[in-house]
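The structure appears right after this line, and notes come after that.
Just so it is clear, none of the values below were taken in a lab; they were calculated from the coordinates. These numbers were taken from a predicted model, which means no experiment stands behind them. A quick note on method: Cβ atoms are made from the backbone with ideal geometry, for glycine too, and the neighbour counts reach across all protein chains shown.
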Amino acid sequence: MFDEEKINTLIAEMTLDEKLNMIHGNALFATGGVKRLGILPLVTSDGPMGVRLEFEANRWMPVGNSDDYITYLPCNSALAATWNRKLAFENGSVLGEEARGRGKDVILAPGINIKRTPLCGRNFEYFSEDPYLTKEMAVPFIKGVQEWDVAACVKHFAVNNQETQRLSVDVCVEEDVLREIYLPPFYAAVKEGGAYTIMGAYNQLYGKHCCHSDYLLGKILREEWEYDGVVISDWGGVHDTEQAANTSLDIEMSVYDNFDEYYMANPLKEKIACGEIDESVVDQKIARILKLMNRLNMLDGERKAGSYNTPEHRMQALLAARESVVLLKNEEKRLPLCKEKLGRVLVVGENANLQHAFGGGSSELKALYEITPLMGIKTHLGGNTKVMYAPGYCKDIGMNAPLDEEYPDVAANWQETSLNAETTENEREIQESQEVLQARKKLREEAIALAKTCDTVIYVGGLNHDYDTEGKDRSDMKLPYEQDILIQELLTVCPDMIVVMMAGSQVEMHSWIDKAKAVVWTWYAGMEGGNALADVLFGEINPSGKMPDTMYRTHADCSAHAIGEFPGGDTVHYTEGKYVGYRYLERYDIEPLFPFGHGLSYTHFSYQNLQLDLKANRIVCTIKNDGDIDGAEIVQVYCKNTQSADEDVKVLVGFEKVFLKAGQAKEVRIFVERMQRDDTILVGASIKDIRLCQTVC
Ligand code: BGC
């Protein structure tokens with residue numbers, strides 16, 4: 001192992017040029033190394049759902065070989081819906097092993113920003129609206145990654161909660177709110193997860209870009225949290241040489257190929273030469289980078305080799321996808337479907353037939369394969385069942401075929417121009433042109449005509465990465481492509497239709513939800529997503545996912561829109577304070593469409609015997625599976641203190657996922673993060689379905 005002394009000796013041997021080479025991108029995804037001293041470049045790749053495809057060193061042009069297909073894991077929102085810390089660890093471990101297998105040192109994941117609004121284009125990359133759930137999933141994920149001599153790079157530090165004007169918007173948030181809602185996942189990532197690296201966000205906080213904010217990187221991260229890992233800028237997040245050099249940012253990355261002109265390259269060299277900046281600040285950065293390399297066994301010692309696309313990884317993707325499916329509604333026990341009694345089956349909706357891996361922005365993937373819902377349903381049913389498909393709607397009507405999506409290997413990547421001034425899209429106009437409306441009506445009519453001839457209809461719609469995407473927020477929560485009309489018309493002719501929503505963020509459903517008997521929520525759930533969905537639809541797997549976010553009726557019910565601001569202008573004011581997500585609905589008694597933590601099972605559970613153990617910060621209760629099939633319940637613990645103005649709403653403080661055989665009862669012990677005298681502890685199946693309650697005395 002390299003100790004501090006050895007690191008200092010190494011630094012003393014380096015020229016200024018060699019040092020500078022190590023603190024900025026020397027390729028789009030790598031820094032420069034120092035060959036003479038055996039120091040390798042630090043090689044990064046995106047995350048979070050898998051290791052990104054290989055680009056040429058200095059062009060956003062995919063290399064296009066066949067060796068960079070990978071395991072496509074469920075997105076972070078999906079993982080959060082499992083509420084299963086062990087799965088988070090195992091998924092992190094798959095990502096770490098694949099990153100290492102692909103020769104990477106740093107994987108740019110997980111994204112742990114709080115979902116302040118359902119409209120944020122990158123919500124699918126994040127875990128939850130709730131800081132506790134976010135950190136409880138992020139910490140094991142990071143540990144899983146780092147088992148493989150690969151660094152996790154938690155992102156984006158901090159308050160990167162919207163895509164609109166993301167490169168410049170200045171976030172104005174009360175400091176106590178920052179510390180209560182937005183920073184805890186990062187604190188836990190650093191303190192409990194031991195994240196080796198962290199990525200500075202694009203946006204500003206209190207008038208300073210996060211990548212060179214003294215307050216964020218100096219005061220909070222280094223001083224208060226005593227962080228000794230490496231801080232990497234988001235790609236193009238640095239705007240000033242002096243500030244970047246003097247704060248504790250360690251590595252500057254960007255999307256351009258003029259590597260020597262980066263703020264921490266030649267411009268920094270010049271400032272050091274004329275005495276404006278002291279070389280010792282560079283030494284501090286190098287020391288932290290070498291320490292990181294040491295942690296990854298890059299300097300000496302034996303380093304894990306990793307691997308990718310193993311059968312075990314694919315199995316892990318399936319296990320996680322299965323647990324991420326959320327059964328939102330199941331009247332008259334419409335689900336599970338009995339394979340033998342289906343008759344003629346019709347699958348409607350483009351999401352049944354669409355592959356999503358290669359979309360969404362920097363989290364795009366070259367998946368080894370992706371099982372769509374249609375394929376999952378067909379492979380589960382086999383050739384004796386007639387399964388028909390009608391798109392019902394189609395995303396690309398009226399558009400030119402997007403070449404880069406169809407041929408990911410030959411087109412330059414969107415990221416090349418990602419720092420250019422934002423363009424206002426005329427998507428809505430295209431979507432609403434007469435030609436498109438006509439074509440869509442035809443698709444609807446075809447689907448409805450077919451539906452009338454079928455016995456079982458499964459609708460699979462929702463969003464896609466034209467909406468859930470980096471660089472753009474949605475303008476509302478409405479289902480695109482007139483899906484509301486389509487679903488309503490289908491439900492009129494097929495009242496028993498199963499509705500599956502596949503999306504990375506909430507959508508409006510109120511126009512048809514009362515008519516639909518069975519509604520299933522699924523995500524960008526990885527390469528095995530279609531199989532996982534079919535497992536749930538046909539009852540091979542009992543669903544156990546729960547919503548990691550509030551399902552609002554409309555986005556106007558979300559606090560950022562109701563009492564805060566979104567998306568703001570040059571500045572965005574988080575005037576809603578700590579009332580983010582369910583905290584706001586609780587505070588003002590607003591009914592969600594489906595509450596935070598909601599999710600049904602094919603069995604049912606009862607809760608009994610709540611005991612509070614104040615000393616051990618623990619609650620104990622008994623959960624029983626009262627049905628006749630095995631299942632899993634996510635037991636949630638909330639805390640509230642009506643005496644205190646600060647703790648006036650229920651807040652998630654603990655949870656545990658419990659697997660129970662049919663008829664089995666188990667005593668469950670749950671660690672709670674907060675429990676003080678006079679607190680009321682509420683235990684339940686969602687924030688609105690509280691089964692047990694006791695006040696701490
Ligand atoms: C994103 C980061 C990503 C980076 C590198 C940026 O556009 O904000 O999340 O890791 O690009 O691709």
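In the chain, the longest principal axis of the Cα atoms and the axis of helix 279-295 are about 50 degrees apart.
Hey, if you put +1 on the Cβ of every Lys and Arg and -1 on every Asp and Glu Cβ in the chain, which of Leu28, Cys454, Val580 ends up farthest toward the positive end of that dipole? The residue sitting most towards the positive pole is Cys454. Taken about its Cα centre, the stretch 462-508 carries a charge dipole of roughly 40 debye when the Cβ of each Lys and Arg holds +1 and the Cβ of each Asp and Glu holds -1.
A Cβ-based charge dipole, computed about the Cα centre of the stretch 180-226 with Lys and Arg at +1 and Asp and Glu at -1, lands at about 160 debye. Have a look at Gly382, Phe89, Leu167 and report the one farthest towards the positive end of the charge dipole of the chain, computed about the Cα centre with Cβ charges (Lys/Arg +1, Asp/Glu -1). About the Cα centre, the residue reaching furthest to the positive side is Gly382. Under a 5 Å amide H cut-off, with hydrogens placed 1.01 Å from N, Tyr389 pairs with Val347 among residues at least 5 apart or on other chains.
The overall shape of the stretch 170-209 is oblate: from the C-alpha gyration tensor, with semi-axes ordered a ≥ b ≥ c, the ratio a/c is 1.5 or greater and a/b is no larger than b/c. Cα centroids of the stretch 636-670 and the stretch 27-47: 45 Å apart. The mean sequence separation of alpha-carbon pairs under 8 Å and at least six residues apart, normalised by the residue count of the stretch 260-403, gives a relative contact order of 19 percent.
With the highest mean first, a sort of the peptides 681-693, 657-669 on other beta-carbon atoms found within 10 angstrom per residue produces 681-693, 657-669. Here the 3J(HN,Hα) profile of the stretch 202-216, calculated from phi with Karplus coefficients 6.51, -1.76 and 1.60 at θ = phi - 60°, is 5, 6, 9, 10, 6, x, 10, 4, 4, 6, 9, 8, 4, 5, 6 Hz, Gly and Pro shown as x.
3J(HN,Hα) along the stretch 679-687: 6, 9, 9, 10, 10, x, 9, 6, 5 Hz, from the Karplus curve 6.51 cos²θ - 1.76 cosθ + 1.60 with θ = phi - 60°, whole Hz, x for Gly and Pro.
Scalar couplings 3J(HN,Hα) for the stretch 62-78, obtained by applying the Karplus form with A = 6.51, B = -1.76, C = 1.60 to θ = phi - 60°, are x, 4, x, 7, 8, 9, 10, 6, 9, 6, 9, 8, x, 5, 4, 4, 5 Hz; x denotes Gly and Pro.
Helical content alone sets the calculated 222 nm signal of the chain at -7500 deg cm²/dmol, taking -39,500 (n - 2.57) per DSSP H segment of four or more residues and averaging over every residue. Dividing the mean sequence gap of close Cα pairs (under 8 Å, 6+ apart) by how many residues the chain holds gives a relative contact order of 16 percent.
Between amide H atoms placed 1.01 Å from N, distances below 5 Å from Gly526 occur with Cys75, all of them 5 or more places distant or on a separate chain. Taking the centroid of alpha carbons for each part, the stretch 52-109 and the stretch 462-476 are 21 Å apart. Need one word for the chain: rounded, prolate or oblate. Basis is the Cα gyration tensor (sqrt eigenvalues a ≥ b ≥ c); a/c below 1.5 gives rounded, then a/b vs b/c decides. Here the chain falls in the prolate category.
Loop-located GluC sites (Glu not before Pro) in the stretch 223-314 (DSSP state not H, G, I, E or B) with no more than 11 neighbouring Cβ atoms inside 10 Å: Glu226, Glu302.
Between Asn420 and Cys274, the modelled label-to-label distance comes to 3.3 nm, taking each label 7 Å out from Cα in the direction of the beta carbon. The H on the amide N of Gly545, modeled in the peptide plane, is under 5 Å from the matching H of Val325, Leu327, each at least 5 residues off or on a different chain. Here the simple spin-label model places points 7 Å from the Cα toward Cβ, and for Cys394 and Thr642 these points are separated by 5.8 nm. Between the stretch 519-576 and the stretch 604-632, how many Å separate their Cα centres? Cα centroid of the stretch 519-576 versus Cα centroid of the stretch 604-632: 26 Å apart. For the cross-link pairs Lys115/Lys615; Lys515/Lys650; Lys86/Lys366, the ones whose C-alpha atoms lie over 29 Å apart are Lys115/Lys615; Lys515/Lys650. As I understand it, the dipole of the stretch 265-346 uses +1 on the Cβ of Lys and Arg and -1 on the Cβ of Asp and Glu, about the Cα centre. Which of Gly343, Gly275, Asn309 lies farthest toward its positive end? Comparing the listed Cα positions along the dipole, Gly343 ranks first. When only the Cβ of Lys, Arg, Asp and Glu is charged (+1, +1, -1, -1), the dipole of the chain relative to its Cα centre reaches about 2420 debye. Oblate is the label for the stretch 568-697, because a/c, from the alpha-carbon gyration tensor with a ≥ b ≥ c as root eigenvalues, is 1.5 or above and a/b does not exceed b/c.
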